[in-house]
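Please treat every number below as a calculation from the coordinates, not as lab data. Owing to the predicted nature of the structure, the values given are computational and were not obtained by experimental measurement. Cβ atoms come from the backbone with ideal geometry, glycine included; neighbour counts cover every protein chain shown.
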């Protein structure tokens, strides 16, 4: 009886941690409380004893290698400078380990329901702020327009994917409903100012349609025409989209005239400095945490100091490009670790018969990272990891409904016959 009571408390704590974590994804700074709850529940649930099973998942191996390379980079860093910049947020990816390990057959509905409720609440708040208050992002949650647009983009990709899956199974009404939801989310995204993330969403959608119907020419043509028509309609009806396009053109002209204190000019200048830094130490970079110090040290002398006023325009925290940011810190070693992480992210979907979604998510992450450091967004990478964990768990259980208790020790299995361990 006592053992059963302990197991019930562990299960209750795990469910609370999963639900709580899903609701801390969006408010600024609250994600760390959710991570703490996950880790505590994971430890209480015997997560360490199951770690050998969890590490067999491709994405877990990719995350551990990626974070391990960042730890290795401390060996050639200056300790006084390693706390500068935002690079430490890459370690938030480790959240996937306790999250994935805690999910089982009974806890899956709790996590999925909490994630859906928190996401809908966030979208509604953002819609209200855009439609009524005429503002970008979600000020109540401290979400910038970049973070809000990224969350919308993930929702669009997921809704389109689920629509394609349900359509192939003959559930036409449900698939149409999902595609309408995707169109609504895409419409909201067109009315945010994040150009790079919007482009990443559209490229991911095109990739999904091409991969899904690459041998069905009529369906492929129909899908591409539907995407093009939707984009043209939304682009034509969005004043914000027009404004951002005009601003991009003006920024490029200013950059050509030597004015770098604009959105586009700032990024191009940062990339110029970053590529110069990578060229100096191409193999191992300057060390974990050293990118900001390098910029501060070189900005006065580099090209006769033409970029020295950039910090007045915007605080220098990162290089607004995932590859350049990682390359500055860790050189080719870090870039290869990042590529391996994306490959592992794709592999975990491919191994669970969701190649289409894996391709779209990796495409979205990569293209978003061309204009910003996407994996340094506080809530969006954990949101993507949560979506990944829930879908993988759901797919594994759907394939094998009797997959109960595998991966436990014999004693744990006897005590918890109803547990569905997804880490095997």
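Points to keep in mind about this one:
- So residue 248, is it over 30 Å from residue 82 (Cα atoms), touching a residue at least 24 places away in the same chain (Cβ under 8 Å) and in contact with a helix residue (DSSP H, G or I) (Cβ under 6 Å, 6 or more places away or on another chain): yes
- Screening residue 155 with (1) over 22 Å from residue 376 (Cβ atoms); (2) under 22 Å from the mean Cα position of the chain (by Cα); (3) without any contact (Cβ under 8 Å) to a residue 40 or more places away in the chain gives one miss only, at (1).
- Residue that is farthest from residue 385 (Cα to Cα) [pool: residues in segment 10-37 that are without any contact (Cβ under 8 Å) to a residue 24 or more places away in the chain and surrounded by fewer than 17 Cβ atoms within 10 Å (Cβ to Cβ)]: 12
- Some residue of segment 223-231 being within 29 Å of the chain's Cα centre (by Cα), within 20 Å of residue 363 (Cα to Cα), surrounded by 14 or more Cβ atoms within 10 Å (Cβ to Cβ) and touching a residue at least 24 places away in the same chain (Cβ under 8 Å): yes
Table: residues versus (1) surrounded by 15 or more Cβ atoms within 10 Å (Cβ to Cβ); (2) within 21 Å of residue 119 (Cα to Cα); (3) in contact with a strand residue (DSSP E or B) (Cβ under 7 Å, 6 or more places away or on another chain).
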residue	(1), (2), (3)
144	yes, yes, no
148	yes, yes, yes
183	yes, yes, no
187	yes, yes, no
215	no, no, no
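- Residue 290 meets the conditions (1) in contact (Cβ under 8 Å) with a residue 40 or more places away in the chain; (2) surrounded by fewer than 16 Cβ atoms within 10 Å (Cβ to Cβ) in every case but one. The failed one is (2).
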